[in-house]
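So the structure is just underneath, and the comments pick up after that.
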Amino acid sequence: EKCMQEKLEKIREAILKPMKEMAIIVDEIVYVTENGYKFLKITLDKVNGLDMDTIVDATNVINPIIDELDLIDEEYILDISSKERGN
């Protein structure tokens, strides 16, 4: 869906700089439906991996930015996680 793709791009642009300041890489942003729930999934990465505390910090920064943008009208769950690293 083109219009959702544009929204995700806007979200990416908005969080890119604050994340960079935290040395965090925005890996991917997707909007998916799972079991009837809609999820805005943001996958983050960091050079030496992300710990839980950093994800919490990042979430606290990202949340208000996304609220401020107010791009997605429907109810959804924000899911911020770190990129899975295969050993």
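The values are calculated or read from the model by the stated rules, or taken from the named source; none is laboratory data. As the structure is a prediction and not an experimental result, all values here were calculated from the model. Cβ sites come from the backbone with ideal geometry, for glycine too, and all protein chains shown count toward neighbours. The accessibility values were calculated without ligands, DNA or RNA, using every heavy atom of the protein model including side chains. Shrake-Rupley method; radii C 1.70, N 1.55, O 1.52, S 1.80 Å.
Axis of helix 2-21 versus longest Cα principal axis of the chain: the two differ by about 30°, to the nearest ten degrees.
At most 16 other Cβ atoms within 10 Å and a DSSP loop assignment: could you name the GluC sites (Glu not before Pro) in region 32-87 that fit? Here the sparse-neighbourhood loop sites are 74, 75, 84.
Counting only protein heavy atoms and a probe of 1.4 Å, the accessible surface of the chain is 47% carbon and sulfur. Principal-axis analysis of the Cα atoms of the chain puts helix 52-69 at an angle of about 30° to the longest axis.
Take every Cα pair under 8 Å whose residues are at least 6 apart in sequence, average their separation, divide by the length of the chain, and the relative contact order is 31 percent. Taking label positions 7 Å along the Cα-Cβ direction at both residue 56 and residue 2, the computed distance is 4.4 nm, reported to one decimal. So what does the Cα-only Debye profile of region 42-87 read at q = 0.23, 0.26, 0.27 Å⁻¹, as log10 I(q)/I(0), no solvent term? Values returned for q = 0.23, 0.26, 0.27 Å⁻¹ are -0.85, -0.99, -1.03.
Looking at the chain, the pairs of alpha carbons with a distance over 18 Å make up 41% of the total. Taking each DSSP H run with n ≥ 4 as -39500 (n - 2.57) and averaging over every residue of the chain yields -15000 deg cm²/dmol at 222 nm.
Applying both filters, DSSP loop and at most 16 other Cβ atoms within 10 Å, to the trypsin sites (Lys or Arg not before Pro) of the chain gives 83, 85.
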